[in-house]
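The values are calculated or read from the model by the stated rules, or taken from the named source; none is laboratory data. This is a predicted model, so every value here is computed, not measured. Because the Cβ atoms are built from the backbone with ideal geometry, glycine has one as well, and the counts that use them run over all protein chains shown. Note: accessible area is taken over every heavy atom of the protein model, side chains too, but ligands, DNA and RNA are not part of it. Shrake-Rupley method; radii C 1.70, N 1.55, O 1.52, S 1.80 Å.
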Amino acid sequence: MDEIRDRILAATRHRMRAVDAPNQVLGRSQTIGCVAVEITQKCNLDCTLCYLSESSEHVQDIPLEEVFRRLDQVLVHYGKGTHVQITGGDPTLRKHTELVEIVAYASQLGLYPALFTNGIGASRKLLVKLAAAGLSDIAFHVDTTQRRQGFDSEVSLHAIRDEYLLRVRDLGLMVMFNTTVHNGNIRELPQILKYFVSRADQIGLVSFNLQAETGRGEWGKRQEQISLTSVQRTIEAAAGQTLPWDVVRVGHADCHQYLPTLVANGNIHPVIDDAKLFADFLADFHTLNEARHLPRWSRFKLYARQILSQPAWWPRGLGYLTWLVRQVGRDVIAGGGRAHQLTFFVQNFMDAESLQQDRVDACSFMVMTAEGPVSMCQHNARRDDYILKPLDVPLADGTLHRYEPLVWKERQHSGAIH
């Protein structure tokens, strides 16, 4: 198994060679950032910046066997421990018994499945079943692009975010929130940040996705004021300090910015600010990639055991802990001895008509299609090329099922009821 993982890591490093660096996570501790498996094209919202195509609502769900095959391909291409987004459309619109089967199958393969949803159909009852089936994470997409009735600002949407946090309480899931940063809410970004920081005991990661002109979205290109830099500066203003965005590199620098932090007493502190230390840690402890999925105390013991096994790291580990205590210690004491990890992720998706090949080649966010993995930006730019293609799907009994994406639409035209 180690040989397989080493081979996949080597292939990833080769693919990332144009943007490789000692602190590049991909090709060292991770084979890919994440892979999306779209199990439906249907959605119960009509977002102003939707990445789906005009055809998406007319596409029937791919067969369950094809979903399983794509999860198998995730394992083949990227190995165990890969983070898989079970997404769409909104995946809760898939038959719930099938959704539970999909999550269970991904978990049994050794993948880490995450449900990406707008939350409308993610009832507590469903989430309990999904958690029992092996769901690892859940990401709620909530923002003003969704035009939810009665919620005309990001601040007003905090009520929905709180409701969703209640639904997942005590289920053992890492909770993420996705927010599209667009022309209409960029001024509210400080208030959104304040909310996420105040809920750091319940939220593990927040992703800010920059407005992009792709799919069927009607709002088009973003204003110049919306950029990786402007979002970074807003987060730094909330933290009251310059933050080390370049220490942890995930994929192409123009695509993603990744910042792990600790929140204590309402204040944001970087987890690490030394790129050389992080690069050396990646080189010597790349097998610790799966530690995030362990309980906190087990994770601490694993890190401690690994460092104790390498005496050369003892002074460096002590130095790092000293630095961290100086950074966070006072706020931990003031906050009742508590600190919570909160990761900030800023994603700069490309416009459909402005794909840059070097960024596509070094993509860390892939979609598994019938033909194999494709960059998310490339997939969104040419979605119909992938979702409208008929498929011959092998069934368990050895026969082939002919999947016609638009067959129900044709029946509808002939007078049949869908």
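Here the stretch 154-174 is the region considered, the condition is being closer than 22 Å to N267 by Cα and in contact with a strand residue (DSSP E or B) (Cβ under 9 Å, 6 or more places away or on another chain), and the residue that is most open to solvent (accessible area, probe 1.4 Å) is M174. When every residue of the stretch 139-149 is checked against the conditions, none turns out to be open to solvent by less than 20 Å² (accessible area, probe 1.4 Å), of a type in the set (A, V, I, L, M) and in a helix (DSSP H, G or I). Out of L277, L243, L228, report the one residue that is in contact with an Asp or Glu (Cβ under 8 Å, 6 or more places away or on another chain) and under 23 Å from M16 (Cα atoms). Among L277, L243, L228, only L228 is in contact with an Asp or Glu (Cβ under 8 Å, 6 or more places away or on another chain) and under 23 Å from M16 (Cα atoms). Taking the numbered list (1) open to solvent by less than 10 Å² (accessible area, probe 1.4 Å); (2) hydrophobic (A, V, I, L, M, F, W, C); (3) in a helix (DSSP H, G or I) in turn, F177 passes all entries but (3). Within the stretch 184-227, work out how many residues are open to solvent by 70 Å² or more (accessible area, probe 1.4 Å) and either in contact with a strand residue (DSSP E or B) (Cβ under 6 Å, 6 or more places away or on another chain) or among the aliphatic types (A, V, I, L, M) (or both). The total comes to 1. For the stretch 121-138, which residues satisfy the criterion of being β-branched (V, I, T) and surrounded by 18 or more Cβ atoms within 10 Å (Cβ to Cβ)? I138, the sole residue that qualifies.
Could you check the stretch 1-44 and list, in sequence order, the residues that are more than 30 Å from S55 (Cα to Cα), in a strand (DSSP E or B) and open to solvent by 20 Å² or more (accessible area, probe 1.4 Å)?
Correct list: Q30 only.
Among the candidates V76, V84, the residue that is under 30 Å from P394 (Cα atoms), open to solvent by 30 Å² or more (accessible area, probe 1.4 Å) and not in a loop (DSSP other than H, G, I, E, B) is uniquely V76.
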